[in-house]
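The block underneath contains the structure these notes are about, expressed in structure tokens.
The values are calculated or read from the model by the stated rules, or taken from the named source; none is laboratory data. Since the structure is predicted, the reported quantities are computational estimates derived from the model, not experimental observations. All Cβ positions, glycine included, derive from the backbone under ideal geometry; neighbour counts span all protein chains shown.
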Amino acid sequence: MAASLRLRRAASGLRYWSHRQRPAAASFAAVVSRSMASKTPVGFIGLGNMGNPMAKNLMKHGYPLVIYDVFPDACKEFQEAGEQVKREEKGGEGKGENELILDLEPILDLEWAVNPMAGVGAARSGNLTFMVGGAEDEFAAAKELLGCMGSNVVYCGAVGTGQAAKICNNMLLAISMIGTAETMNLGIRLGLDPKLLAKILNMSSGRCWSSDTYNPVPGVMDGVPSANNYQGGFGTTLMAKDLGLAQDSATSTKSPIFLGSLAHQIFRMMCAKGYSKKDFSAVFQFLREEENF
């Protein structure tokens, strides 16, 4: 069977097309057998904070790239490494005959929906988690490619279930990050050393990922956005967007999400007050600066 692969990264995700028969007019993607997937050119669009390291991990696994970004400078290092650069994005959005579409954007009506989770650090190390929704008999066709960029590739069920899993996870993450930030702020105001407080939390029942792996307090941990003025990581705008999706889903399913709704309001407020480009863990800084809280 022949396969033409195209992986497309847009502002909020990736797309991957696998033509199981040779198309009438091949674009820039090569047509090769699935057994030679490591030699199949992959079209990759969008080389931002997430896209850049994801594209590099595909290169490390032997995939030649055909790349595009609206900012040409983002393509320079890839072009210098011998990858092909496309000067303009072309191609329609529709699904053609014998075509498999994997989409990491928040769209629920495609044949496949694949959602990456864990942020820029995980993208760099190739430890993203991909939650996949679509036809189960096509899962294997995409797993090898996604496995180059992530350590966990999880089949969730029908199309839309991967997106549902991501929405649920990120709502919980937002709530726990706010809780961690509030707790750390309260402890500091009560005179506790932040490193000591974090240590106590992480050996107690309050422990969570936001406290032990991604602590929002500057000086508590190295290698996290809070240690770098909240640069990099998972942007506040993106978290607000995901919480908006959670709010919409809760409304359509009549599910009460009291804390999720409050988290949505907090992150929207952060965006309005200049935190939109900072990592979502900047909620700690936001709380410290809000005298009304």
Which of the residues that make up region 196-210 are assigned to a helix (DSSP H, G or I) and either within 21 Å of the chain's Cα centre (by Cα) or aromatic (Phe, Trp, Tyr) (or both)? TRP209, SER210
Inspect all residues belonging to region 193-207 and state whether any of them is on the phi < 0 side of the Ramachandran plot, in the same structural domain as ALA240 (by TED's automatic domain parsing) and in contact with a Cys (Cβ under 8 Å, 6 or more places away or on another chain). no
Of the residues that make up region 232-243, is at least one closer than 20 Å to ILE188 by Cβ, among the hydroxyl-bearing types (Ser, Thr, Tyr) and assigned to a helix (DSSP H, G or I)? no
When SER151 is run through (1) part of a helix (DSSP H, G or I); (2) modelled with pLDDT of 85 or more, the failure sits at (1)
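For ALA74, indicate whether it is assigned by TED's automatic domain parsing to the domain that holds GLU138, in a helix (DSSP H, G or I), within 22 Å of GLY126 (Cα to Cα) and at pLDDT 85 or above. Before you say what the answer is, go through the steps one by one.
On the way: assigned by TED's automatic domain parsing to the domain that holds GLU138: yes; in a helix (DSSP H, G or I): yes; within 22 Å of GLY126 (Cα to Cα): yes; at pLDDT 85 or above: yes.
Taking the combined requirement at face value, the residue satisfies it.
From VAL153, VAL220, grab the single residue that is under 30 Å from THR40 (Cβ atoms), surrounded by 15 or more Cβ atoms within 10 Å (Cβ to Cβ) and free of Cβ contacts under 8 Å to residues at least 60 places away in the same chain. So that I can check it myself, show each step before the final result.
On the way: VAL220 fails: under 30 Å from THR40 (Cβ atoms).
Exactly one residue qualifies, and that residue is VAL153.
In this structure, is THR213 in the same structural domain as ASN170 (by TED's automatic domain parsing), without any contact (Cβ under 8 Å) to a residue 60 or more places away in the chain and within 19 Å of the chain's Cα centre (by Cα)? Walk me through how you get there before you give the answer.
Details: in the same structural domain as ASN170 (by TED's automatic domain parsing): yes; without any contact (Cβ under 8 Å) to a residue 60 or more places away in the chain: yes; within 19 Å of the chain's Cα centre (by Cα): yes.
So THR213 fits the description; yes.
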